[in-house]
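Chemist: Submitted below is the structure of interest, expressed as structure tokens.
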């Protein structure tokens, strides 16, 4: 008997930048207009990682507006990016826990006086 040569899809970690708007009780600074979140999300493909991340952020009372995918660790390293130890640990955690890890939150503020 021969096995079908289908690839078994495995979980990978994707780096996503999610822009969020404001929503009541979102936990962002009161004077922020929104934020960018760098997330590490597991998925069998980037589309699944994006869906899971958006769903999780909505459950956390955030308002996702846009998601930009930056690929897997391997893709980022192949493009010349360096992954530091902290980032690697967070990626490993996301994979081990089959989870979304928000690694960084950068609030946006209106420029005053413009």
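Chemist: If the Cβ limit is 7 Å and pairs must be 6+ apart or interchain, which residue in region 57-71 that is part of a helix (DSSP H, G or I) pairs with which residue that is crowded, with 16+ Cβ neighbours inside 10 Å?
Modeler: 57/18; 57/20; 57/64; 58/64
Chemist: Does at least one position in region 42-49 carry a residue that is in a helix (DSSP H, G or I) and more than 15 Å from residue 10 (Cβ to Cβ)?
Modeler: Looking through region 42-49, at least one residue is in a helix (DSSP H, G or I) and more than 15 Å from residue 10 (Cβ to Cβ).
Chemist: Here is a check on your reading of the model: is residue 28 at pLDDT below 95 and either more than 28 Å from residue 111 (Cα to Cα) or surrounded by 15 or more Cβ atoms within 10 Å (Cβ to Cβ) (or both)?
Modeler: Yes; evaluated as a whole, the condition is true for this residue.
Chemist: When the residues of region 13-25 are filtered to those that are over 17 Å from residue 106 (Cα atoms) and modelled with pLDDT of 95 or more, which remaining residue is surrounded by the most Cβ atoms within 10 Å (Cβ to Cβ)?
Modeler: 14
Chemist: Sticking with this structure for a sec: Does residue 107 fit the bill of being in a strand (DSSP E or B) and in contact with a helix residue (DSSP H, G or I) (Cβ under 6 Å, 6 or more places away or on another chain)?
Modeler: When the stated conditions are applied, residue 107 does not pass them.
Chemist: Going by the conditions given, is residue 4 surrounded by 11 or more Cβ atoms within 10 Å (Cβ to Cβ) and at pLDDT below 95?
Modeler: no
The values are calculated or read from the model by the stated rules, or taken from the named source; none is laboratory data. Keep in mind the model is a prediction, meaning the values are calculated, not measured. Quick reminder, even Gly has a Cβ in these numbers, built from the backbone with ideal geometry, and neighbours come from all protein chains shown.
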